[in-house]
Amino acid sequence: MSATPLVELAGLRVRLPGPRGPVEALRGVDLVLGPGERLVLVGESGSGKSTLLLTLAGLLPAEAELAGTVRFPALGRPPLRGRELGLVLQDPFASLHPMLTVGEQIAEVLVTHRGQGWRAARAAAIGLLERVGITRPERRVDDYPHRFSGGQRQRIAIAMAVAAGPRLLLADEPTSALDTVIQAQILELLSSLVRERGTALLLVTHDLALAAHCADRIAVLYAGRIVEVAPAGPLLQRPRHPYTRALVATARDLGRLGGGPLTEIPGLPPDPTATPAGCAFAPRCAHALARCGTEAPAWSGDGRAGVACHLVPP
Amino acid sequence: MARELSEPAVPRPAPHPSLVLARRRLLQAPLVLLIVLLGAFLLLELAPGDAVDAYLAGLGGDAGLVQELRARWGLDRAAPTRFLLYLLGLLTGDLGWSVAFDRPVRAVVLERLPVTLALMASATLLAFLVGSGLGVLAGARPGSLADRLLSSLALVLNAMPSFWLGLVLALVFAVKLRWLPLAGIETIGAGHTGLARLLDTARHLVLPATTLGLVYAALYLRMMRAGMVEAWRSDHVRAARAKGISRRRLVLRHVARSAVLPVVTVLGLQSATLLGGSVVVESVFAVPGLGRLALEAVVQRDLALLLGILVTSALLVVLVNLLIDLLYARLDPRVELGARGP
Amino acid sequence: MSRALARFARDPAPLAAALLLLLLAAAAALAPLLWPVDPDAVGGPPLAAPLADPAHPLGTDRLGRDVLARLLQGARVSLTVALAATAAALGMGALVGLLAGLAGGWTDEIVMRVTDAFQTVPGFLLALALVSVLGPTVTSIVVAIAASAWTGPARLVRAEIASLRSRDFVAAAVVLGMPRHEIALRLLLPNALPPILAYAGLTVAAAILIEAALSFLGLGDPNRASWGAMIAEGRAVLVSEPWLSIVPGLALLATVLAVNLVGEGLNEALAPRRARP
């Protein structure tokens, strides 16, 4: 892990316009992602995990305000979308253009970034469809998205994202719109694709049990802040932050490897328009101390591993 | 590798809602047309005086002549009988007798129909091309200067009375600049034939078609822009942006593609108002079409002719809407017509 | 409602348009006091140019009648006809939509086919036929415009009623034994109103344009000056005296534009959920 990191975030803050005033989506995120590494980012909805992905993809709305640094040391500049960075979105029913054939949607990536002609790109698209597990791809390449099932569409979306061989693949809850059995298949596909190509994967999910499958490291996001980062094994076996512990316990209680939202932690996620004085998790924390409500805990560790909690000695 | 292990083959999709709608519309069309006929017939029954009064208004005539004419035109029978006879006549393509022209209504209508069809087609084409083209320019960057200028232009055009726009255009391009003919559908007495005649007619159509089309162009511009604004917020455009394709391709192939379908639907819905608008534009430019014929029928109180025009227009509107439904089915891949299995 | 008004007032363009319309309505209503010139009297030399003679600020027409006075009378006709036709169309549409939406079944089917039939006949042709049958009076023009404009509101109300019928509060009212007509008038209709109100702006604008077109074609009330008829009269001297057509045309354009802007502003204010670009 001594290679030049691919992504390096330091003190990243993002403020987005919202219907009830600006929302502090990210409140100081430090994170490092190495080449070829698979990092899973876990958090409830509203924790800022999608915002983090859009920041890396350079697709935040123009009105978003950014502070802190986003660097890509291994590239020396932000990655070129499509060529060096691929993005898989959550809902495969919405993320493919309904009026363009799947072949064209894959091929346009190759035409744009590989300088291929349309004929060659179409042939390559057939190969990619085959790789992501579409049967008889030569007969399906000119079909429109509505002729594919949800799982198949997500496979196609993945083929689009990896078509040009990016260094970094971003996936935003790629399985939460799919059936449980298919979820595992899609994760398996993503995992094997990035491993055979040496692509770094940043996968966002709210489902810790699912994350365990394909993570080298896991980062836990709460209210716009990373509360704990650690290699997958240690984090799942010895979670240190009370929120992580609650997440792991929930996943274990349910005794399953499949999905389902986290509903077992009492209380509600904090109001994203208000900035908490102390630790954002304190109101829901069973072990909160007096100073948890007034003083934000410092980060102990670095971008690769660490925790932010008053209860955990540095 | 993982090959669709647990996923069943996709079943053939159910017919798309718009196709179901098209079939329904086809089944309902005869009933709707019958209601139109009955309504129009009843309306014109309300009119004071009948065809004979209109016919003799300028000539005068004794009671005997009135009686004879009423008998000849079947006006001496009761209204329900006449309605049934009219329906029977319609089945054989007989629309009755025009007193104003002293010819069968069908002949008069058929003579004027091609001109109106040409006007409607060219106006629609112009409206669609100009409207959606400018709409793409506006929607390419919502909020930009180009967008604000074009949206304001559309707002003004949308509020423009077509007959007034026609007068202004005629004043500028026909009277002052003398680029285009002021009125009519062809140069009278020029004796053009073949291609020369076609070009002559096209030159005569430019001003009326522009007048009629510009108002709709404004509508399509606004719709196209609104559709694109919505498309920019969609997931598939976000995914396309993440693929790093060129802006040109993104705007034209992805964003505009989603916005064009609603415009096509409205194209059909607007055919009725377009036909109504042609009445005004045809009389501004003295184009001898169906619209001006309607005005002549009103002025001369030729009720049979007016009824014939109403019926023909309704039929035309129904046909155009069916045509647009089919076009829609071709444009939207989600509508499956054939039996092509996966 | 007051919050909707506040939202409406925030946008300058609709607000300015609303002020313009209010001014126009006031000028039209108070015309006899503000500009006490008989619009039908020959009061000066024919074809006097505008902005030349303070007695005729906008000049005179071919018969020497004062253009400003005629313009103000035209505004009265235009606004009266548009408002009356819109009220009639919305009332008729609401009634038909309510009936179809509540009755369902065959009644609904037949009412909707009649609505289809009205939408199949070009509205302007229908108006033309109606005016020719009823005679060229202001009332028959109102009827003629409303006859083609009620279908849109009818569809809207029907759809709204159909979706409201299945809601809990209606079921609750039924359980509580509220009479049917009371459910219809006190629960359903008020909830179906906002979409029709949003439609009103469109209808007013269309009505102004149809009235103008009818009178341009010589089917307006011959006893009253109207913008459409003024444009038609100016047409004979279009080349030498273009302002005679251009002035009423601009009045028409400005009024319709203002109505559209106000309508859009109301639409935005009443439906804030729809995100703006």
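Just so you know, all these numbers are worked out from the coordinates, no wet-lab data involved. Nothing here was measured: the structure is a model prediction, and the numbers come from that model. Note that each Cβ is placed from the backbone with ideal geometry, even for glycine, and that neighbours are counted across all protein chains shown.
A few comments on the model shown:
- Gap separating the Cα centres of the range B:127-172 and the range C:16-75, nearest whole Å: 31 Å
- Within 10 Å of each Cβ in C:128-136, the average number of Cβ atoms from other chains: 6
- Taking a Cβ cut-off of under 13 Å around A:VAL14, the surrounding Lys, Arg, Asp and Glu residues balance to a net charge of +2, with basic ones at +1 and acidic ones at -1.
- Of B:VAL298, B:VAL168, A:VAL42, the sequence from fewest to most neighbouring Cβ atoms within 10 angstrom is B:VAL168, B:VAL298, A:VAL42.
- Rounded tilt (10° steps) of A:118-131 against the dominant C-alpha axis of chain A: 60 degrees
- Across peptide B:164-173, the mean count of Cβ atoms from other chains lying within 10 Å of each residue's own Cβ comes to 4.
- Alpha carbon centroid spacing (whole Å) that separates the range C:132-171 from the range B:71-87: 33 Å
- Residue with peak Gaussian network fluctuation, chain C [Cα springs, cutoff 10 Å], from C:PRO57, C:PRO242, C:PRO36: C:PRO36
- Label-reachable residues, the range A:158-195, where backbone N falls under 18 Å from a point 7 Å from A:ALA123's Cα toward its Cβ: A:164
- What the pair-distance distribution of the protein assembly as shown shows, using all Cα-Cα distances binned every 10 Å from zero, is 2, 10, 16, 18, 17, 14, 10, 7, 4, 1, 0, 0 percent.
- Sorted by Cβ density within 10 Å, fewest first, the residues B:LYS176, B:LYS243: B:LYS176, B:LYS243
- Most mobile listed residue (B:MET223, B:MET120, B:MET160) in chain B, GNM with C-alpha springs under 10 Å: B:MET160
- The range C:120-242, Cα convex hull volume normalised per residue, Å³: 132 Å³
- Where a label projected 7 Å from the Cα of C:ARG113 along Cα→Cβ would reach, residues of the range B:30-46 with amide N under 14 Å: B:30-39
- P(r) of chain B over all Cα-Cα pairs, binned every 20 Å from zero, in whole percent: 24, 47, 24, 5, 0
- Modelled this way, with points 7 Å down the Cα-to-C-beta line, the labels at A:ARG245 and C:LEU95 are 7.3 nm from one another.
- Note: the range A:105-186, Cα convex hull, 93 Å³ per residue.
- Ordering C:LEU219, C:VAL138, C:TYR199 by the projection of their Cα atoms onto the charge dipole of the range C:121-276, which places +1 on the Cβ of Lys and Arg and -1 on the Cβ of Asp and Glu, puts C:TYR199 at the extreme positive end.
- The alpha carbons of the range A:1-130 occupy a box of 47, 42, 25 Å along the principal axes, longest dimension given first.
- Antiparallel DSSP beta bridges within chain A, percent to nearest 5: 55 percent
- Mean projected area of the convex hull spanned by the Cα atoms of chain A, taken over all viewing directions: 16.4 nm².
- Using the Cβ-Cβ distance between C:ALA162 and B:LEU315 with R0 = 41 Å, the FRET efficiency computed as 1/(1 + (r/R0)^6) comes to roughly 0.85.
- Look at the stretch A:182-190: the mean tally of other chain Cβ atoms within 10 Å of its residues' Cβ atoms is 2.
- Projected label distance in nm at A:LEU80 and B:TRP179, using a 7 Å step from Cα toward the beta-carbon: 4.5 nm
- About its Cα centre, the dipole of the protein assembly as shown is roughly 2840 debye, where the only charges are +1 on Lys and Arg Cβ and -1 on Asp and Glu Cβ.
- C:HIS181/C:LEU63 FRET efficiency (R0 56 Å; Cβ-Cβ; nearest 0.05): 0.50
- Counting all C-alpha pairs of the range B:187-342, share separated by more than 20 Å (%): 67 percent
- Simple rule: put +1 on each Lys or Arg Cβ and -1 on each Asp or Glu Cβ in chain B, find the dipole, and look at B:PRO142, B:PRO262, B:PRO181; the Cα lying farthest toward the positive end is B:PRO142.
- At 0.890 mPa s and 25 °C, Stokes D of chain C from Kirkwood alpha-carbon radius, µm² per second: 118 µm²/s
- Given charges at beta-carbon only (K, R positive; D, E negative), |dipole| of chain A in Debye: 460 debye
- Using all pairs of distinct alpha-carbon atoms, the Kirkwood hydrodynamic radius of the range B:199-291 works out to 15.5 angstrom.
- For A:SER95, C:SER245, order by how many other beta-carbon atoms lie within 10 Å, fewest first: C:SER245, A:SER95
- Just so you know, the Cα atoms of the range C:47-169 work out to an Rg and Dmax of 21.1, 68 Å.
- Shown is the FRET efficiency for C:TRP106 and B:LEU42, computed with R0 = 22 Å from the Cβ-Cβ distance and rounded to the nearest 0.05: 0.55.
- Under the Karplus curve 6.51 cos²θ - 1.76 cosθ + 1.60, θ = phi - 60°, whole-Hz ³J(HN,Hα) for the range C:79-85, x wherever Gly or Pro sits: 5, 4, 4, 5, 5, 5, 5
- Using alpha-carbon coordinates, inclination of helix A:102-114 to the longest axis of chain A, degrees: 80 degrees
- Residue among A:ALA157, A:ALA62, A:ALA286 with the largest mean-square fluctuation in a Gaussian network model of chain A, springs linking Cα atoms under 10 Å: A:ALA62
- When the helices of the protein assembly as shown are scored as -39500 (n - 2.57) per DSSP H run of n ≥ 4 and the total is divided over every residue, the value at 222 nm lands at -18500 deg cm²/dmol.
- Furthest towards positive pole of dipole, B:ALA272, B:LEU250, B:GLN300, structure part the range B:250-342, Cβ charges: B:LEU250
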